[in-house]
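*Asks:* Sharing a structure, written as structure tokens. Questions coming.
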Amino acid sequence: MSWTDEEIIEKIQDKETINYGFNLLMDKYQEKVYWVIRRMVIAHDAADDIAQEVFVKVWKNIGSFKGNSKLYTWIYRIATNEALNYLRKKKRRFFLPIGDVEHELSSTLDADNFYSGDEIQMKLQKSLLKLPEKQRMVFNMKYFEEMKFKDIAEVMDVSVGSLKAQYHHAVKKIEKFIQED
Amino acid sequence: MEEDKNIEDSGIRDFLKNSSEKEFRVPENYFDGFQKNIHSKIHQDISPWWKRPKLTIGIGTFASIVLILIVLFELDKNKKYARAELNQEDLIAYFSENIDEISESEILEGLSDNDLNVFIDQTHKNDSTKTDEKKIEEKSNEKPPTLDDFTDEEIYEYMLDEGYGSGEWDNL
């Protein structure tokens, strides 16, 4: 049985079924959240840590969730913020310029035991790493997660128009990178 | 869904046509244990604060620093009390009464080089003052000499020095 977000929230808001409701929420979103994060931070260990942190935050703040946005976009917003914070901290900690973060993530991709993409996939991933972080996030959510622009706009807190423009630019850049390499 | 078809990304889709489906993998059964990990993390977060390892270490360090500061502050306070409450007269009175209980080495330990130099200077001064006073006292106590203080020979020599012959003595 597939539970709707409304049903899950209902369970969570009832003290007697809160744990059950939270398990339902994790069942529904754990993989989606993990993959959004994983595509951003590349390494499995980092993605695992961040994904766990996301659900701990969801647990702590679910009481204050008013339902103004969809549960789905609310969770995604926490996940994307955590992933972007991780990348920012990484830059700050090692005093890395943007180009070096791309280089570092690219090296992680080469050495990752849990990466089994072929040459074509590797080429696409390395092209993606050349994009600015937010553009990469938009591309991942649209292309790989097949999310609607409207939902991505809600997650990223931008207008649908600017999001479409970002996606368009991202696609053009990636095509260019693929042809160049 | 119409809005989502506006942007052409077929170039990338064509590029990926001949590629395998999944590029990233996860460890086996990773998602089966995921919820368990979250629950243990949540439990750790809501466990009593004194049981959290990071917090315990932090509090321990803070307590040690506070303890060291208190000890240092108390030591300094004691020193101030010692200096403030005992004036020189009290100290002298105390040491005079208990001088037998204080060994020479303890006195030397308590004295700085400067104190010793001051002490030596003062002792020298006192000695020289005393000697001068003694001499003056002796001088003031001195009585004028009488003939009984001299021997006949001394008197005879003195007379000869003054130019008196032995025959002239009877006329004196």
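Every number in this text was worked out from the coordinates using simple rules, so none of it is lab data. Keep in mind it's a predicted model, so treat the numbers as computed, not measured. Counting neighbours? That spans all protein chains shown, and the Cβs are built from the backbone with ideal geometry, glycine included.
*Asks:* Starting with the fewest neighbours, write out B:His43, A:His44 ranked by other beta-carbon atoms found within 10 Å of each beta-carbon.
*Replies:* B:His43, A:His44
*Asks:* Just want the ordering: B:Leu67, B:Leu147, B:Leu111, A:Leu131, from fewest to most Cβ atoms lying within 10 Å of their own Cβ.
*Replies:* If I rank by nearby Cβ atoms, fewest first, I get B:Leu147, B:Leu67, B:Leu111, A:Leu131.
*Asks:* When only DSSP loop residues count, what GluC sites (Glu not before Pro) in the range A:82-181 have their Cβ near at most 11 other Cβ atoms within 10 Å? It would help to have the intermediate numbers written out before the result.
*Replies:* Details: sites: A:Glu82, A:Glu102, A:Glu104, A:Glu119, A:Glu133, A:Glu145, A:Glu146, A:Glu154, A:Glu175, A:Glu180; in loops: A:Glu145, A:Glu146.
Passing both the DSSP loop test and the Cβ count: A:Glu146.
*Asks:* Quick check for the range A:1-127: number of Lys pairs with alpha-carbon distance under 17 Å, counting only pairs 8 or more apart or on different chains?
*Replies:* Taking the Cα cut-off of 17 Å, the pair count is 12.
*Asks:* While we're here: R0 = 30 Å: FRET efficiency of B:Leu111 with B:Lys134, Cβ-based, nearest 0.05?
*Replies:* The pair B:Leu111/B:Lys134 has a calculated efficiency of 0.50.
*Asks:* Please report, in debye to the nearest 20, how large the charge dipole of the range A:5-180 is about its Cα centre when each Lys and Arg carries +1 at its beta carbon and each Asp and Glu carries -1 there.
*Replies:* Value, rounded to 20: 800 debye.
*Asks:* Out of B:Asn98, A:Phe144, B:Thr61, whose Cα points farthest toward the positive end of the dipole of the protein assembly as shown (charges: +1 Lys, Arg; -1 Asp, Glu; placed on Cβ)?
*Replies:* A:Phe144
*Asks:* Using alpha carbons only, how many angstrom separate the centre of the range A:106-181 from the centre of the range A:39-76?
*Replies:* Each part's Cα centre sits 20 Å from the other's.
*Asks:* Mind checking the mean number of beta-carbon atoms from other chains within 10 Å of the Cβ atoms in B:93-106? If you can, show how the numbers build up before the last one.
*Replies:* Numbers: counts 0, 0, 0, 0, 0, 0, 0, 0, 0, 0, 0, 0, 0, 0.
Mean number of neighbouring Cβ atoms from other chains: 0.
*Asks:* How shielded is B:32-43 by partner chains, expressed as the average number of their Cβ atoms within 10 Å of its Cβ atoms?
*Replies:* Details: counts 0, 0, 10, 6, 0, 4, 12, 7, 1, 5, 7, 0.
Rounded to a whole number, the mean comes out at 4.
*Asks:* I'd like the trypsin sites (Lys or Arg not before Pro) in the range A:28-85 restricted to DSSP loop residues with at most 15 other Cβ atoms within 10 Å, sorted by number.
*Replies:* Filter output for the range A:28-85: A:Lys66, A:Lys70.
*Asks:* In addition: On average, how many beta carbons from a partner chain sit within 10 Å of the beta carbon of a residue in A:24-30? Spell out each step's value before the answer.
*Replies:* Values: counts 0, 0, 5, 3, 0, 0, 5.
For peptide A:24-30, the averaged partner shielding equals 2.
*Asks:* FRET efficiency for A:Leu84 and B:Val71, Cβ-Cβ distance as r, R0 = 41 Å, nearest 0.05?
*Replies:* The computed FRET efficiency comes out at 0.30.
*Asks:* How large is the dipole of the range A:101-181 about the Cα centre if only Lys and Arg carry +1 and Asp and Glu carry -1, each at its Cβ, rounded to the nearest 20 debye?
*Replies:* With Lys and Arg at +1 and Asp and Glu at -1, about 460 debye.
*Asks:* Non-local amide H neighbours of A:Tyr115 (under 5 Å, H modeled in plane, Pro and chain starts lacking H): which ones?
*Replies:* Those lying under 5 Å, H to H, from A:Tyr115 are B:Arg25.
*Asks:* Lys/Arg Cβ at +1, Asp/Glu Cβ at -1, dipole of the range A:5-180 taken about the Cα centre: which of A:Ile37, A:Ala79, A:Val171 is farthest positive-ward?
*Replies:* Working it through, the farthest residue towards the positive pole turns out to be A:Val171.
*Asks:* Turning to a different aspect of this structure: Suppose every Lys and Arg Cβ carries +1 and every Asp and Glu Cβ carries -1, with no other charges. What dipole size does the protein assembly as shown come out with about its Cα centre, to the nearest 20 debye?
*Replies:* Dipole about the Cα centre, nearest 20: 6420 debye.
*Asks:* Another question about this same structure. What FRET efficiency comes out for A:Glu7 versus A:Ser116 if R0 is 51 angstrom and r is the Cβ-Cβ distance? Round to the nearest 0.05.
*Replies:* Computed FRET efficiency for A:Glu7 and A:Ser116: 0.90.
*Asks:* I need to check one value: relative contact order of chain A, counting alpha carbon pairs closer than 8 Å and at least 6 residues apart, in percent. Intermediate values should be presented prior to the final figure.
*Replies:* Details: 137 pairs, mean separation 36.8, N = 181.
About 20 percent, as a whole number.
*Asks:* When the chain is fully extended, how far beyond the present Cα-Cα distance does B:Asn29 get from B:Lys79, taking 0.36 nm per residue of separation?
*Replies:* In short, 11.2 nm is gained.
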